[in-house]
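Colleague: I have a structure I would like to understand better, so I am pasting it below and will then ask my questions one at a time.
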Amino acid sequence: MDMLAGKRLVIFGCGYVGAAVAERAMAAGARVIALTRNAEKASALRAAGIETVVAELADDRWHGLIEGTPDFVLNCVSSGGGGAEAYRRSYVDGLRSILTWARAHGPAGTLLYTSSTSVYAQRDGMIVDETMPTVASSDRAAVLIEAERLVRECGAAARRWWILRLAGIYGPGRFHLLEQVRTGEVAGVGTHHLNLIHRDDIVAAVLAALTAPASEGNEALNLADDGRALKSEVVGWLAAQLAVPMPRFSGAPAGGRRAVTPDRVIANARAKAVLGWRPVFPTFREGCASLLSP
């Protein structure tokens, strides 16, 4: 973490993950500048001591508001709701805007983009590592794959890049499955594996990638915990902790999804080998216990 001291980190999409990265980076001595389109979020970021620009990422009007050559650039935007066009504007158009800005002010030392394991379409319990092909199995997966391509072809925008493909994110204040268990009905099916990653473990991996030796980089890494549990096992454990009956599975996708997430196991061995990263919350039990503690 000493490698962050005095460095300049620009975070695009400083939300659930980005704000946590900003907090850790500032504690290590980095100067953090954030861009968000949400004025309320901007107020909270500024209250936390983070320099903040309020703008629509896909536009270019913010380009002159963030000056200087960035040591690190983190793009962890979310779609913010809406349909396929909103998804494309956030991920593809937003990334193009970042790359245009970085070419004019850079190159950035390191560009890191948080993608998703939804770029994979493997099923039937298959173990999925980074050698597996990505498949545009949905409009959203196609957008994410296109955004990954832009990162790979960033050229003069950055000296190196990383893509972190995140499994299902959970953590303090965000665990939709827990709320579903409380209601008595859980989306999807219990016979599929559930791939999760705690927010704090994402933050640790992001910082490890940003500060990795210069010889590393220019690759995509899966980011998931070590758990290989079926969804029914996770739900059963949560129900026992909450002292509620075992919920029923709806068989339908969770809200905002068009299909139930395929049954697969996301492998994290490459991230461990390259980044020296290890999840503090290796399974759902450790991560969920931290959320249920008073």
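Colleague: Of all residues in segment 250-269, which are under 18 Å from residue 128 (Cβ atoms) and surrounded by fewer than 16 Cβ atoms within 10 Å (Cβ to Cβ)?
Modeller: In the first step, residues of segment 250-269 are kept if they are under 18 Å from residue 128 (Cβ atoms); the result is 259-269.
If the condition is that a residue be under 18 Å from residue 128 (Cβ atoms) and surrounded by fewer than 16 Cβ atoms within 10 Å (Cβ to Cβ), then 259, 269 are the ones that fit.
Colleague: Give the residues of segment 252-294 that are in a helix (DSSP H, G or I) and of a type in the set (A, V, I, L, M, F, W, C), sorted by residue number.
Modeller: 269, 271, 273, 274, 275, 284, 288, 289, 291, 292
Colleague: Something else about it: Regarding segment 73-95, can at least one residue be identified that is more than 30 Å from residue 195 (Cβ to Cβ) and without any contact (Cβ under 8 Å) to a residue 60 or more places away in the chain?
Modeller: As a first pass, look at segment 73-95 and keep what is more than 30 Å from residue 195 (Cβ to Cβ): none.
Checked against the condition, which is being more than 30 Å from residue 195 (Cβ to Cβ) and without any contact (Cβ under 8 Å) to a residue 60 or more places away in the chain, segment 73-95 yields no hits at all.
Colleague: Please go through segment 203-230 and pick out each residue that is over 23 Å from residue 11 (Cβ atoms) and surrounded by fewer than 22 Cβ atoms within 10 Å (Cβ to Cβ). Let's see the steps before the verdict.
Modeller: To start, the set of residues in segment 203-230 that are over 23 Å from residue 11 (Cβ atoms) comprises 215, 225-230.
Those that are over 23 Å from residue 11 (Cβ atoms) and surrounded by fewer than 22 Cβ atoms within 10 Å (Cβ to Cβ): 215, 226, 228, 229, 230.
Colleague: Over 23 Å from the mean Cα position of the chain (by Cα), closer than 19 Å to residue 178 by Cβ and not in a strand (DSSP E or B) - does that describe any residue in segment 221-234?
Modeller: So far as segment 221-234 goes, yes, one or more of its residues are over 23 Å from the mean Cα position of the chain (by Cα), closer than 19 Å to residue 178 by Cβ and not in a strand (DSSP E or B).
Colleague: Let me ask another. Could you give every pair whose Cβ atoms fall below 6 Å, whose first residue belongs to segment 33-46 and is in contact (Cβ under 8 Å) with a residue 12 or more places away in the chain, and whose second residue is hydroxyl-bearing (Ser, Thr, Tyr) and not in a helix (DSSP H, G or I), counting only separations of at least 6 or pairs across chains?
Modeller: 34/52; 42/36; 42/52; 45/52
Colleague: Any idea which residue in segment 40-60 is farthest from residue 92 (Cα to Cα), counting only those that are in a loop (DSSP other than H, G, I, E, B) and in contact with a strand residue (DSSP E or B) (Cβ under 8 Å, 6 or more places away or on another chain)?
Modeller: By that ranking, first place goes to 50.
Colleague: Also, I was wondering about something else. Taking residue 121, is it over 13 Å from the mean Cα position of the chain (by Cα) and over 22 Å from residue 250 (Cα atoms)? Give the steps one after another, and end with the answer.
Modeller: Values: over 13 Å from the mean Cα position of the chain (by Cα): yes; over 22 Å from residue 250 (Cα atoms): no.
No; evaluated as a whole, the condition is false for this residue.
Colleague: Can you tell me which of (1) in a helix (DSSP H, G or I); (2) loosely packed, with under 15 Cβ neighbours inside 10 Å is the one residue 88 doesn't meet?
Modeller: (2)
Colleague: Next up: Can you confirm whether residue 127 is surrounded by fewer than 18 Cβ atoms within 10 Å (Cβ to Cβ), of a type in the set (Val, Ile, Thr) and either at pLDDT 95 or above or in contact with a Lys or Arg (Cβ under 6 Å, 6 or more places away or on another chain) (or both)?
Modeller: yes
Colleague: Only one of these is among the hydrophobic types (A, V, I, L, M, F, W, C), surrounded by 23 or more Cβ atoms within 10 Å (Cβ to Cβ) and within 27 Å of residue 20 (Cβ to Cβ): 150, 112. Name it.
Modeller: Step by step, each of 150, 112 is checked, and only 112 is among the hydrophobic types (A, V, I, L, M, F, W, C), surrounded by 23 or more Cβ atoms within 10 Å (Cβ to Cβ) and within 27 Å of residue 20 (Cβ to Cβ).
Colleague: Given the structure, is residue 77 surrounded by 14 or more Cβ atoms within 10 Å (Cβ to Cβ), in contact with a helix residue (DSSP H, G or I) (Cβ under 6 Å, 6 or more places away or on another chain) and either assigned to a strand (DSSP E or B) or aromatic (Phe, Trp, Tyr) (or both)?
Modeller: When the stated conditions are applied, residue 77 does not pass them.
Colleague: If you don't mind, there's one more thing I want to ask. Among the listed residues 28, 34, identify the single one that is closer than 28 Å to residue 213 by Cβ, modelled with pLDDT of 95 or more and surrounded by 18 or more Cβ atoms within 10 Å (Cβ to Cβ).
Modeller: Matching residue, one of 28, 34: 34.
The values are calculated or read from the model by the stated rules, or taken from the named source; none is laboratory data. Everything numeric here is computed off the predicted structure, so don't read it as measured data. All Cβ positions, glycine included, derive from the backbone under ideal geometry; neighbour counts span all protein chains shown.
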